[in-house]
Structures are given as C-alpha cells and as structure tokens.
1. Just name the residue that is surrounded by the fewest Cβ atoms within 10 Å (Cβ to Cβ) out of those in region 298-327 that are over 22 Å from L273 (Cβ atoms) and under 18 Å from the mean Cα position of the chain (by Cα).
2. Of everything in region 77-111 that's crowded, with 19+ Cβ neighbours inside 10 Å and farther than 30 Å from T142 by Cα, which residue is nearest to the chain's Cα centre (by Cα)?
3. Being farther than 19 Å from E28 by Cβ, of a type in the set (D, E) and buried (at least 21 other Cβ atoms within 10 Å of the Cβ) is the requirement here; does D250 meet it?
4. Tally the residues that are under 21 Å from I78 (Cα atoms) and part of a loop (DSSP other than H, G, I, E, B), restricting the search to region 292-329.
5. Cβ-Cβ distance below 9 Å, separation of 6 or more or different chains: which pairs start in region 197-219 with a residue that is within 25 Å of L273 (Cβ to Cβ) and in contact (Cβ under 8 Å) with a residue 12 or more places away in the chain and end on one that is acidic (D, E) and within 9 Å of the ligand (Cβ to nearest atom)?
6. For a quick check of your reading of the model, give me the residue pairs whose first member lies in region 29-47 and is within 23 Å of R214 (Cβ to Cβ), whose second is modelled with pLDDT under 95 and not acidic (D, E), with beta-carbon atoms closer than 6 Å and at least 6 apart or on different chains.
7. Mind checking which residues of region 159-211 are closer than 29 Å to M55 by Cβ and among the basic types (K, R)?
8. Is region 257-268 home to any residue that is in contact (Cβ under 8 Å) with a residue 60 or more places away in the chain, surrounded by fewer than 20 Cβ atoms within 10 Å (Cβ to Cβ) and of a type in the set (A, V, I, L, M)?
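The values are calculated or read from the model by the stated rules, or taken from the named source; none is laboratory data. Fair warning: this is a prediction, and the values are worked out from it, not measured in the lab. FYI the Cβ positions are ideal-geometry reconstructions off the backbone, even for glycines, and counts take in every protein chain you see.
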Amino acid sequence: MRKDEKFKLERRPRRLRKSPAIRSLVQETEIDVQDLVMPFFVIDGGGQPEIIESMPGQCRLGISHLQNKCEEVFGLGIQAIALFPVLNPSLKNGEGSDALSENTLILRAIKAVKEAVPELMVITDIALDPYTNHGHDGVLNTEKTDVDNDRTLGFLAQMAILNAEAGVDFVAPSDMMDGRVAVIRSSLDEAGYEDTGILSYSAKFASAYYGPFREAIGSSLPTCKQLFDKQTYQLNPANRREARMESLLDEEEGADILMVKPAGPYLDIIRELRNNTDLPIASFQVSGEYAQIYAAAKVGWLDLNKTRDESLIAIKRAGSDMIFTYFAAEVARDLKRNR
Ligand code: PBG
C-alpha cells in the first residue's frame with residue numbers, strides 16, 4: 001500500500017470529532033448547575049464543622065455554618081439542597097421518637113435555611129434511620145425480626161407534616177416501606193399541605209455504597225447493633241423489573257419525582273424509568289460513589305475532576321433530570337469559572 005493511499009470509506013464519523021468546535025456543536029448531553037442538588041449534613045451546636053473522614057471535603061455543619069454554605073451554593077447557581085440530620089446519640093432510641101419532636105434538629109435547620117435563602121429549594125429525607133438506635137429506617141416489630149411496615153407509615157406521615165410545617169419544599173421518603181407515598185400524600189393534603197411535593201426514593205437498592213453516609217450520620221455506630229440488614233425493604237441490586245414496578249407504584253400513589261439510588265452502578269435502571277414514566281427523574285450519586293473517586297484520586301490513580309465530570313455526565317445521559325451529588329458545590333464553582 002502506498003503511503004498516501006486513501007480508502008473510499010462510505011462513512012467517516014471521526015469528522016464530527018475533529019476539533020473542539022465541532023465536538024461542542026454535536027455534544028448531546030451537558031451538566032448544568034441547575035441539575036445539581038447539594039446534600040448537607042447538619043448537627044446541633046455552634047462548633048466548628050466536623051470533618052467526615054470517609055467523605056473528603058464534606059463536613060457536619062452546625063446551623064449557622066449551614067446557613068452560610070447555603071448562601072454560598074445558591075450564589076453559585078445551585079437551586080436545591082438535601083438536608084440530613086446527624087443526631088446526638090443520646091437522642092436516639094428504638095422508636096426514633098425524636099423524629100416526631102416539634103423541636104427536632106431537622107425542623108430548626110429547615111427554618112434557618114429558609115430564613116437565610118428563601119429561594120433555595122429544600123428537600124428532606126423521610127425515614128427513621130437518623131433517629132433510631134438500631135439504624136433502621138423504620139420501627140421494629142415486637143419480635144425485632146423486621147421493620148414493622150404499617151406502624152412505620154404512621155411515623156413517616158407525621159414526620160412529613162412536621163417538615164412541611166417547617167417550610168420544606170419537597171419531602172423525600174427514603175425508607176422503602178410499602179404504601180408510604182400514598183399515606184404521606186393523603187396526610188399532607190389533609191393537613192393543608194397540598195403544595196408540598198413528594199420526591200420518592202422509588203428505586204432505592206440495598207447497596208454497599210451507602211457505607212460512608214452511615215458513618216457520617218452515625219447509623220452504623222457499634223451501638224447500632226443491627227439484628228438484620230436492610231434487605232427486607234431496600235431493593236435487591238439484581239432486580240430491574242422490580243425497580244420499575246416499585247417506581248411506577250410510587251407514581252400511582254402520587255409521587256411528583258422518582259429517584260434511582262445509587263446512580264452510577266444503576267444507569268440501566270435510570271434509563272428503564274426514563275422509558276416508562278413522564279415524571280422527572282432524580283438520581284443520587286451516593287457517598288460510596290463519591291468516596292471511591294476521591295480515594296483513587298488521592299493515590300494518583302484517577303484524575304479527580306475529569307472522573308467526577310464523566311461520572312455525572314453518564315448519570316445525566318442515562319436519563320436523569322437532576323442529580324444529588326456531594327460534588328455539586330465544586331462542579332458549580334468550576335462551571336462558573338469556565339463560563
Ligand atoms: C437513609 C438514607 C441513606 C442514604 C440517604 N438516605 C442510607 C441508608 O439507606 O442506609 C444514603 C446516601 C448516601 O450514601 O450518600 N434512609
């Protein structure tokens with residue numbers, strides 16, 4: 001073959017990749033700051049932010065630090081935050097009763113954020129795991145062999161009403177009990193909170209990727225002697241049909257937004273839902289996905305920012321409208337800088 005010989009190829013798709021200009025013109029998916037939801041951990045007291053070892057860059061924040069952070073991320077263009085309370089262990093018990101206290105941390109945090117940045121959307125988890133000394137998302141049956149589904153529903157409904165009263169925009173049931181969306185919806189409506197939305201963690205898997213989060217909120221403390229794991233309520237990672245069925249049930253029960261969690265290892269589930277519902281889809285890039293990228297970057301095996309951006313574009317490409325990610329603030333900062 002001669003050095004300058006050319007083949008007559010019918011298609012040359014590489015033409016669309018020749019220059020930065022053409023690559024950007026044909027780019028199909030983009031991460032926008034408006035797609036990102038920033039999770040925050042809140043603690044009581046006015047002390048310094050507490051570093052979370054397993055989640056580099058993330059801290060447990062007292063309420064006034066939380067207010068500052070919210071102003072900061074809103075200034076970067078982030079439209080929504082998800083709040084997770086970290087309770088003093090002395091407040092935890094078998095029934096998670098602090099969740100129903102009118103003065104519980106999360107309610108004070110919601111009010112404080114709304115006072116500081118009224119336009120910032122606030123989403124709170126509805127589940128008992130921050131409040132129970134066994135770390136489960138609900139209350140237990142009398143034999144302590146499982147979570148009591150229907151008794152838990154009553155707690156969730158009351159929690160949702162208290163959170164709505166405090167001014168939350170969306171409640172996010174993350175407990176995976178049967179019937180929770182319907183019960184929460186009708187309870188909110190009866191209490192006059194028909195405008196409070198439900199973002200349902202509709203396809204939440206029993207995942208090992210939640211490890212760092214459980215350390216962050218103390219739901220895996222040695223004191224949380226779990227008698228059984230969460231597999232009786234969270235989905236089996238092997239099951240796609242069941243994830244679709246669960247999510248469509250939540251839609252029927254009145255969910256406004258569906259969620260897939262974790263995100264990166266479950267891209268097929270995100271796409272499955274995208275193809276089967278017209279509701280918006282949220283995905284949660286969870287603590288373990290975040291920690292993995294950080295850990296590999298720390299030893300120099302991955303480029304932190306490039307891997308971060310690629311992980312998020314993949315989640316968006318799979319069909320997510322919004323992404324909960326601990327990277328939100330940093331990504332927003334970079335997007336602003338590069339604009
Ligand atoms: C609790 C809840 C969990 C997460 C969000 N809400 C953990 C769990 O189910 O044990 C995980 C978030 C993360 O890992 O980043 N219902």
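1. It comes out as D309.
2. Result: A82.
3. Taking the combined requirement at face value, the residue satisfies it.
4. Result for region 292-329: 5.
5. Y201/D125; Y201/D175; K204/D175; Y209/E289
6. Correct list of pairs: F41/A216.
7. If the condition is that a residue be closer than 29 Å to M55 by Cβ and among the basic types (K, R), then R180, K204 are the ones that fit.
8. No, every residue in region 257-268 fails to be in contact (Cβ under 8 Å) with a residue 60 or more places away in the chain, surrounded by fewer than 20 Cβ atoms within 10 Å (Cβ to Cβ) and of a type in the set (A, V, I, L, M).
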